[in-house]
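The next block holds one structure in the form of structure tokens; read it before the comments.
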Amino acid sequence: MSTKAYFKRDEIGAGKPGFSKTRSIIEAAFYGNNVVKVNTLREAYELAKNSPGTIVTDMPVFRGEEFGLEKDAKVLLFNDGSVTGRCAAARRIAGEPGVDCNDLDLKLMNAVYDTRYSILYHAEVYIGLDPEFMVKAHLLIPEGEENILYSWMLNFQYMSDAYVKMYKESKPIADETDIYIFSNPQWKHPEHPLGLTYFNTGTNCAALLGMRYFGEHKKGTLTIAWAIANRNGYASCHGGQKRYNLPSGKSYVASVFGLSGSGKSTITHAKHGGKYDVTVLHDDAFIINTETGSSIAIEPTYFDKTQDYPTSCEDNKYLLTAQNCSATLDEDGKVVLVTEDIRNGNGRAIKSKLWSPNRVDKIEEPVNAIFWIMKDPTLPPIVRLSGAELASVMGATLATKRSSAERLAPGVDPNMLIVEPYANPFRTYPLVNDYEKFKKLVGERNVDCYIINTGEFMGKKVKPSDTLGILETIVEGKATFKPWGPFTQMEIMEWEGFVPDLRDTEYKAQLKARLEDRVKFVESRNEAKGGFDKLPEEALDALKKLIIELN
């Protein structure tokens, strides 16, 4: 699919696709006489390299000429002051109860007006890497923010000859227009001390105001692309997917869903000691066609934490840009990155597609299994779910701990166990849409569904070796699951050191409490945001059945 950028004159007007109030405020700014078009990655690199405050390291970009850079390009580092994470509290979504679009539109008008004496850069990228799903996106951002611009063009698909040709050959989808994003990271407003990210995903536009962190631009763009995918028959996925290429021509396609820091990237890129031939789709953003079960990557590169990659780590060979890290001189006097979150938490870098040697843009084979990654101390390392309603509602009540990638409002406890449906805090459409799509995958396409706990089980840490060992057993078809106590739709594989004992009254009480938390969460959706995220009664019944069985 492709989106629409040009309109016949009789297609232009009030009430027609692409012409909402918010979008009209944003799109007009792209045509100002203070706008400079940035057409290539080479241009963006030069702008970012020469932007005040940029640290040009002596670390070369590996094979950069293969994706649009000069052969001598270097890894660029830029730091955002004290802001090193996303801010959910700044998000406002048109259509949700309590969101005053008239007020926000007026603020947006002024934000655009305030940039009239600035040079603004306009860049374009593709989101979605297969003709089946490709969306064009536009970013407008002021001079001085060149590193965000460059990273944005790297994170998504820049307009190479091959992808331009692919896009032209893709089929237009009626009423889906290009994405337009207006950004002013230096914007300030007394009513929005944390900034403002204002989305109108119904008309594919957003304003990112007062947001210096690149992650806001990455996830803000994905937010709109995922909404487009949702409208067009896809399950939007914040997670990773890989295909195990097994002997005799068999394959096993696994999708893992988790928030930043949950282990989804580790699982996706795990090489399993060379046991398998593995093909990677992506570790953060993809979509699943609910009719065919095939999957498409949304972005080519990886926006990864640098915490676990020391300066000397071989993986750093694939870095393109870095954010919120430090720098020093090595023994040869070369400027190199200082990683491992020494400067601050949530240091980040964009890694090239080459980091994963067996990378593809689409996996044609239908997905075999979904793994909800949770950090719930009452759950063993692996649970198998049966019943499409239970499988989907467990994804809707995915329990985890907050990520260091998130900037929290004052007074919010960073250690509190939270529920983040389908590990996707970037949803702008009703939760039931995701519920129905994942239910369809399990119920109609017979996709297996599991919960993986990568945190602690009753005080004992689940190690990556445990998680990967469990996955290998499942992929090889050697896993033996048995009914979990009284539950009729949950089974466990008894993994050494992590066997739950339902005869332990304290453990049983904690397990019941966590199940009740899920029930309370689903019930709370009936009233929260005016019922915007209400789930059907069958979802609640599936959870309540577990509590009845446990009693």
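Brief remarks follow.
- Residue within the stretch 405-426 that is at pLDDT 95 or above and under 16 Å from Leu540 (Cβ atoms) present: yes
- Within the stretch 454-466, residues that are in contact (Cβ under 8 Å) with a residue 12 or more places away in the chain and over 9 Å from Pro377 (Cα atoms) reach partners that are in a helix (DSSP H, G or I) and of a type in the set (Asp, Glu) with beta carbons closer than 9 Å, at six or more positions or on different chains, in the pairs Thr454/Asp466.
- For the stretch 302-345, taking the residues that are among the aromatic types (Phe, Trp, Tyr) and over 18 Å from Ala48 (Cα atoms), the one that is surrounded by the most Cβ atoms within 10 Å (Cβ to Cβ) is identified as Tyr302.
- Residues (over 11 Å from Thr22 (Cβ atoms), part of a helix (DSSP H, G or I) and at pLDDT 95 or above) located in the stretch 85-101: Ala90
- Selection status of Leu222, among the aliphatic types (A, V, I, L, M) and either open to solvent by 10 Å² or more (accessible area, probe 1.4 Å) or more than 23 Å from Ser82 (Cα to Cα) (or both): yes
- In summary, strands (runs of 3 or more DSSP E) completely within the stretch 309-357 and bearing 1 or more residues that are over 19 Å from Gly261 (Cα atoms) and out of contact with any Asp or Glu (no Cβ under 6 Å at 6 or more places or on another chain) occur at 319-323, 326-329, 335-338.
- Selection status of Phe7, in a loop (DSSP other than H, G, I, E, B), touching a helix residue (DSSP H, G or I) at 6+ places or on another chain (Cβ under 8 Å), farther than 26 Å from Ile119 by Cα and of a type in the set (A, V, I, L, M, F, W, C): no
- Condition check for Lys529: modelled with pLDDT of 95 or more and not in a loop (DSSP other than H, G, I, E, B): no
- Filtered by the rule that a residue be of a type in the set (Phe, Trp, Tyr) and under 23 Å from the mean Cα position of the chain (by Cα), the stretch 118-146 gives Tyr126, Phe133.
- Residue in the stretch 390-404 that is modelled with pLDDT of 95 or more and open to solvent by 50 Å² or more (accessible area, probe 1.4 Å) present: no
Let's see how each residue does on (1) out of contact with any Cys (no Cβ under 7 Å at 6 or more places or on another chain); (2) crowded, with 19+ Cβ neighbours inside 10 Å; (3) without any contact (Cβ under 8 Å) to a residue 24 or more places away in the chain; (4) part of a strand (DSSP E or B):
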site: Asp103; (1), (2), (3), (4): yes, no, yes, no
site: Thr115; (1), (2), (3), (4): yes, yes, no, no
site: Tyr126; (1), (2), (3), (4): yes, yes, no, yes
site: Met134; (1), (2), (3), (4): yes, yes, no, yes
site: Gly144; (1), (2), (3), (4): yes, no, no, no
site: Leu149; (1), (2), (3), (4): yes, yes, no, no
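- Condition met for Ala111 (over 26 Å from the mean Cα position of the chain (by Cα) and hydrophobic (A, V, I, L, M, F, W, C)): yes
- Of the residues screened, Val447 is not one that is open to solvent by less than 40 Å² (accessible area, probe 1.4 Å), of a type in the set (Val, Ile, Thr), at pLDDT 95 or above and farther than 17 Å from Ile373 by Cβ.
- Just so you know, in the stretch 10-35 the residues that are open to solvent by 60 Å² or more (accessible area, probe 1.4 Å) and aliphatic (A, V, I, L, M) include one that is nearest to the chain's Cα centre (by Cα), and it is Ala28.
- Residue pairs meeting the criteria (Cβ under 6 Å; at least 6 apart or on separate chains; first under 13 Å from Val135 (Cα atoms) and open to solvent by less than 10 Å² (accessible area, probe 1.4 Å), in the stretch 174-187; second of a type in the set (Ser, Thr, Tyr) and assigned to a strand (DSSP E or B)): Thr177/Thr3; Asp178/Thr3
- Residue within the stretch 510-525 that is charged (D, E, K, R), assigned to a loop (DSSP other than H, G, I, E, B), open to solvent by less than 40 Å² (accessible area, probe 1.4 Å) and over 30 Å from Glu365 (Cβ atoms) present: no
The values are calculated or read from the model by the stated rules, or taken from the named source; none is laboratory data. Just so it is clear, the structure is predicted and the values come from calculations on it, not from any experiment. Cβ: placed from backbone, ideal geometry, glycine included. Neighbour counts: every protein chain shown. Note: areas computed on protein heavy atoms with side chains; ligands, DNA, RNA excluded. Shrake-Rupley method; radii C 1.70, N 1.55, O 1.52, S 1.80 Å.
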